[in-house]
Structure formats: C-alpha cells, structure tokens
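**Student:** Questions regarding the structure given below will be posed in turn.
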Amino acid sequence: MLDPSSSEEESDEIVEEESSKEVLAPPSPSVVSEKEKEELERLQKEEEERKKKLQLYVFVMRCIAYPFNAKQPTDMARRQQKISKQQLQTVKDRFQAFLNGETQIVADEAFMNAVQSYFEVFLKSDRVARMVQSGGFSANDSREVFKKHIEKRVRSLPEIDGLSKETVLSSWMAKFDAIYRGEEDPRKAQARMTASAASELILSKEQLYEMFQNILGIKKFEHQLLYNACQLDNPDEQAAQIRRELDGRLQMADQIAKERKFPKFVSKEMENMFIEELKSSVNLLMANLESMPVSKGGEFKLQKLKRSHNTSIIDMGEENENQLSKSDVVLSFSLE
C-alpha cells in the first residue's frame, strides 16, 4: 500500500512547481508593447527638442557672427597709452596702500587674496619691469592680466542665491579700476565704476557662443560643424545669404498682395497697411545691411536689392500673373 503522507508530499511539490512557473512567466505582450511605445515616444520627443535647439543655435550663431542689424559701440578697441617707470611705481604704491587698508574701498577676503596674489606675482615681477622699460606695457594690459587672474577664482567660488558670478566678476573689475586710478573725486570715481561695470557686461563673440552652448546644451564639436557649414567666417557669404532671405521676403509680400491671401482683418484698409509694414521692415533691414562695410575683392558679389515702393503694392495685385517682377529680371540677368 502507498503511504498517504507520501502522496500528499508529491501533490505539494506539484503545486509548488506550478506556482513557480506562474511566477517565472514572462510579462504579457500587451505590457511589453506599451512600454516600448512609451520609450519610443520619449525618444522621438527628445529628438524633436534636440532639432529645435540646433535650429535655434544656428539662428543665434548667425546673429552673433554677423550682427548687421545691431548698433555696436565703436570705441571699445581704442589705443592704450604706455606706462612709464614712474607710473608703474605709482600703481604699485596704490595697490600696497589698498592691501594695508589705507583706502576707503570696501572688499571681502576673496578679493583681498586675489589682489595680494596679483600684486606679488605680477606687478612686482621683473618681467613687468622689463616690459615697462621697453615701452610695451599699457594700463589695458595690466587690467586684462588681472581679469584673467580672477576669472578662475570667481568660477571656483560657491554659488550665492541672487548673486551671479558674472556680477561678482564685474564688481571686482570695478574695484580694481578704483584701486588702479587712486584717490579722486568721489563722484567721478562712482561714474567710472559704473561705466567699468557696464563695459564688463559687453561679451565677446566667443563668450556669447559659449553662453548659448551652455543654455541650449550644444557641444563644442557641434558648434564647430555648424560654424563651418554656415560659413560664418566669411562676411561676404553672410551678406549674400541675408540678401537672398530679404529677397524671399519681398517675393512673399508680392505674392500675398497678388493672390489676396491676407490674414483676417477687421477692415479692408488694413490689408494694404499689412503689406506696407512688411515691405518697410525689409527696407529697414536692407538699409542696415548696406551700411555694413563690405570687404574688397569678395567672392560673393550680388547686385543690391532694389527697395520696394509702397505705391506699387496695389498695382501688383492687379497685374497679370505671367508678368515678371523686378526680382525675376534681376535674377535672370545675374544668371546670364
């Protein structure tokens, strides 16, 4: 006879095996497909965002490389006066007085340490003395050395809520200018410090590129590839590209007027005003572009776009569609 207890044990083992099979069973295809779908949607969304950021960075790069529509200060690169031996000694005395606490310039410990290092390592060095003796050292050189000296120090400082490192850097440079110039009229000193702080906010092209790379998450090699592909180092090509784009805007305005494809306006008179504003904006951009200096012997020489006249807008809408416009005539002439 069979032992009843053994049969019970066998039945328990069978139940355990069946339960383990249920546990080890793979997830249903519907769950897997749902996860794959979510992952695919996430990757597609990231890819779309990446494309938009690259397109935006190309636009930013072109604006930085060829700012034809911006009014830039022209007195930033003026010639600096050379420093004599007596002036160098005066500057040393002023920095020594600051380090001894004999001035009214308020500074924290980090700035004091930066000035101390700059004074001991740079100003008192034999190299500076030789440059002054040979007439190859200016106040701007001294300022640029201090700026490079403190940039790494400021970047390594801990973050402070409500105070950016760019603000700290500009404040330190303003204090440096105050130390360098010495005691003077407080009102003039305040004006100089304000102007110095404002000048620090004007970034170079390289700094602007780096800033937008950090904002949009663009890598250095991507920047270089886009820079070369857009030929941003060629001002003539940039001007030619802008002229082509402005010509496209004029053609678009003519087409809207000809086909009467206006946005919905309250009044019929606003249609003509809309076209006039489009063409006046293009005329303004063309005027700014033409005011930019053009390099001689440029490879890209295009005929200047003729500015449109607002009186011909209404006539354009009534002309036959087969008739050539001014831009078509210019284009066919340049191809011949």
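Throughout, read-outs are computed from the coordinates displayed, never taken from laboratory work. Computed from a predicted model, the values in this text were never measured in an experiment. Cβ atoms come from the backbone with ideal geometry, glycine included; neighbour counts cover every protein chain shown.
**Student:** Step through the residues of segment 95-105 one at a time and calculate ³J(HN,Hα) from phi using the Karplus curve (6.51 cos²θ - 1.76 cosθ + 1.60, θ = phi - 60°), rounding each to whole Hz and writing x for Gly and Pro.
**Tutor:** Using θ = phi - 60°, the values come out as 5, 5, 5, 5, 5, 7, x, 9, 10, 9, 7 Hz.
**Student:** In nm, what is the difference between 0.36 nm times the number of residues separating V58 and E38 and their Cα-Cα distance? Please report the intermediate quantities before stating the final value.
**Tutor:** Working: separation 20, 0.36 × 20 = 7.20 nm, distance 3.04 nm.
Length gained, V58 through E38: 4.2 nm.
**Student:** List the chymotrypsin sites (Phe, Trp or Tyr not before Pro) within segment 94-164 that DSSP assigns to loop and that have no more than 16 neighbouring Cβ atoms inside 10 Å. Please list the in-between numbers first.
**Tutor:** Numbers: sites: F95, F98, F111, Y118, F119, F122, F137, F146; in loops: F137.
Answer by residue number: there is no such site.
**Student:** Here's something else I'd like to know. Starting from a Cα-only point model with no solvent, please compute log10 I(q)/I(0) by Debye for segment 209-271 at q = 0.11, 0.17, 0.27 1/Å.
**Tutor:** Taken in order of the listed q values, log10 I(q)/I(0) reads -0.53, -0.75, -1.09.
**Student:** Given R₀ = 30 Å, what would the calculated FRET efficiency be for A139 paired with K205, taking r from the Cβ atoms and rounding to 0.05? List each step's numbers first, then the result.
**Tutor:** Details: r = 24 Å, r/R0 = 0.81.
The formula returns an efficiency of 0.80 here.
**Student:** For C230, C63, which order do you get if you count the other beta carbons within 10 Å of each Cβ and list the fewest first? Before the final figure, lay out the partial values.
**Tutor:** Numbers: C230 17, C63 14.
With the sparsest Cβ surroundings first, the list reads C63, C230.
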